Amino acid sequence: MAKAYDVVLSGYYGFGNLGDELICRALIDMAIKAGIDKSRLCVLSANPKETSEKFGVAAVDRWNLFEVFRALRQSRSLLLGGGGLFQDSTSLRSSLYYWGVVFLARMAGVRPWAFGQSVGPFRSKLAAKLARNALKHCSPRCVRDDNSAALLSSWGLEFFLAPDAVFALSFKETEKASDGDVLVFNVRPLPRQEGGVKLLVREAERFAKMQRYKLRAVCMAEEDLKELKASGVSPDCEVFLLKGASDVEPAFEGAAKAAGMRLHFCLLALMKGIPLVAFPYDPKVKSFALTWNIPIWERGERFDSLFSEARQAEGQKVAEAREALRKSFDSALKIALGDEEHWNVNRS
């Protein structure tokens, strides 16, 4: 029986989190550039109507197991597409859900594969066990950071390392960040960590005032906006809630410096050539910062010395990351669809 889809994408899609929506867009773009027609792609989404309209692909309700299984039965592969899908920082539900999707794929006779994953951290043995079991059945497997690579290696699972999928997207570099007059910053909720967000906001306000910068908060999800308001941010702070890729350019316009918590805020600032300081609330953010020589903010530190170390990312290095990503994805896709017998990507 002919299959309707080549790839069903599963991730944290349709929840209004810009980072995950950018991952979805990037994976769809790379698949199309690799020769997959849009009609051959399907996304599991919490808001399938919006996802279908936004990306021009088929989408089904991720919570409707009958629809999910039917889509999988009609597909050649299931792609666990980027992001921190396997972790239990907030609860066990994420690891349990994606383990279940892989289980359904196996029941449907579909090949699961994983690309651009951050795996962990785990607080419970059950979450780690679910992740290991699900990833064991994925081939190929790609992770985006050194911590995840070390974890998969300890599990005895073969993998390769590639940059975050969002590097596949194109954004304009900010024109002469040195001439900008805006400090852009991002906060997000911090489970079980008190005070960190307020400290970051206070330091951003202090530094902006000292440098005579305008202050702009860039929220990548509704929960970021709620956290920002709860921090007691100054009413003079301009606030951007990013809904889609088209919001990125105005949000970073005129930026001289950037400071942020979310991985994809940091990645966007990097791609746009803005000197950046990162608050590593999660191991994936710390790994990203270390890879790109981004200064790391610790509570109580002042931005002054950190920004003296911050440098605009080299355009050539970003271009190299984009090319490495494209090659890795093209090869992984061919393997997942059975067009290559061996892993011919750079493995670790």
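Can you pull out the residues in the range 93-121 that are within 21 Å of residue 19 (Cα to Cα) and open to solvent by 50 Å² or more (accessible area, probe 1.4 Å)?
93, 121
Evaluate the following for residue 176: is it open to solvent by 10 Å² or more (accessible area, probe 1.4 Å), at pLDDT below 95 and at positive phi?
Yes.
With assigned to a strand (DSSP E or B) and either of a type outside the set (A, V, I, L, M, F, W, C) or surrounded by 21 or more Cβ atoms within 10 Å (Cβ to Cβ) (or both) as the only criterion, which of 259, 289 stands out?
259
Can you tell me which condition residue 50 does not meet? The list is (1) acidic (Asp, Glu); (2) open to solvent by 10 Å² or more (accessible area, probe 1.4 Å); (3) in a loop (DSSP other than H, G, I, E, B), and all the others hold.
(3)
From the list 139, 148, exactly one residue is under 26 Å from residue 21 (Cα atoms), out of contact with any Leu (no Cβ under 8 Å at 6 or more places or on another chain) and either among the aromatic types (Phe, Trp, Tyr) or open to solvent by less than 10 Å² (accessible area, probe 1.4 Å) (or both). Which is it?
None of the other options fit; the residue is 148.
For the range 302-316, name all the residues that are over 15 Å from residue 260 (Cβ atoms), open to solvent by less than 100 Å² (accessible area, probe 1.4 Å) and part of a loop (DSSP other than H, G, I, E, B).
Selection gives 312 alone.
So that you can scan it fast, the table gives a plain yes or no per residue for (1) within 23 Å of residue 219 (Cα to Cα); (2) part of a loop (DSSP other than H, G, I, E, B); (3) β-branched (Val, Ile, Thr); (4) modelled with pLDDT of 95 or more:
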position: 1; (1), (2), (3), (4): no, yes, no, no
position: 31; (1), (2), (3), (4): no, no, no, yes
position: 68; (1), (2), (3), (4): no, no, yes, yes
position: 78; (1), (2), (3), (4): no, no, no, yes
position: 84; (1), (2), (3), (4): yes, no, no, no
position: 103; (1), (2), (3), (4): no, no, no, yes
position: 114; (1), (2), (3), (4): no, no, no, yes
position: 118; (1), (2), (3), (4): yes, no, no, yes
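Scanning the range 208-229 for residues that are under 19 Å from residue 264 (Cα atoms) and surrounded by fewer than 20 Cβ atoms within 10 Å (Cβ to Cβ), which turns out farthest from the chain's Cα centre (by Cα)?
Result: 226.
The values are calculated or read from the model by the stated rules, or taken from the named source; none is laboratory data. These numbers were taken from a predicted model, which means no experiment stands behind them. So basically every Cβ, Gly included, is an ideal-geometry build from the backbone, and we count neighbours across all protein chains shown. Ligands, DNA and RNA are stripped out before the accessible areas are found, and what is left, the full protein with its side chains, is counted by its heavy atoms. Shrake-Rupley method; radii C 1.70, N 1.55, O 1.52, S 1.80 Å.
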